[in-house]
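Visitor: Here's a structure for you.
None of the figures in this text is laboratory data; all of them are computed from the coordinates on show. The shown structure was predicted, so the numbers you read here are calculated from the model rather than taken from an experiment. Glycine also receives a Cβ, built like all others from the backbone with ideal geometry; neighbour counts cover every protein chain displayed.
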Amino acid sequence: MIDVAGGLRRARFALSYYLRMRRGRRAVLDHLEGSAPVPMPTFLQLRVTNLCNLRCKMCGQWGDTGVFREQKGDGATDGESERARIRELIGLRRQLALDDYVRLLDEVAPHQPIVTLFGGEPFLYPDIMPLVRAIKARGLVTTVITNGWHLERHARDLVEAGMAFAREMTEFSLPVLGLARDAIRRALDLPLPEGLKIEADLSTLAFQTADSIEGMTAFIEKRKPVFRDG
């Protein structure tokens, strides 16, 4: 059985991600052409912790030759000597509190950056789920770079956060979402001029839908659009 709902959620997430990337790209191009100030960042990466529960050999942080390893090779531990190494390298109080991140999010939210949480292992940050919810509450696209070890423990909270986002995305026009997904699929590996041409062609098709008329009418009337997927 085809997972239509799951595919739709992924397509809508991809659309949101794509639209933010497009706005960021255009802002950078406008700045380089001298017609706009330095743009705000498209991406915001928050390193929420340096601690990690795994010791992947190739990791530059906690691998065999990682910067946080007090002892190399088989003598490595996950105890106080490793924590002392972190304090030595970055200081004892460099892990920000949730309130600090919330203040930062309030400052950057109007610019709609894509927020990535990483570490170390971000799920070792004690307020990881309150932070995820704070990001989502501001309507921002969020990704988490994780080794996956703690996902099961946080699965319910993550699904609930994702479902809230999915409910927001269901208010878009489905035909236009399909065109956006097609634009991503067809233009992803093409040179920028060819990708922009595909985007322009599909945008023309989007404006031929009935939903486009509803969207423009709602904008003029300053109300929320009611799309009928036509």
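Visitor: What does the charge count near residue 41 come to, summing +1 for each Lys or Arg and -1 for each Asp or Glu among other residues with Cβ under 13 Å from its Cβ?
Guide: My count for the surroundings of residue 41 gives +2.
Visitor: Here is a further query. Can you put 192, 29 in order, fewest other beta carbons within 10 Å first?
Guide: 192, 29
Visitor: Oh, and also: Rank by packing, highest mean first: peptides 204-211, 148-155, with packing defined as the count of other Cβ atoms within 10 Å averaged across residues.
Guide: 204-211, 148-155
Visitor: Of the listed peptides 33-45, 107-119, what is their order by residue-averaged count of other C-beta atoms within 10 Å, with the highest listed first?
Guide: Most protected by this proxy first, the peptides run 107-119, 33-45.
Visitor: List the residues whose amide H sits under 5 Å from the amide H of residue 45, counting only those 5 or more places along or on another chain, with H placed 1.01 Å from N in the peptide plane.
Guide: Excluding prolines and chain starts, which carry no amide H, the hits are 116.
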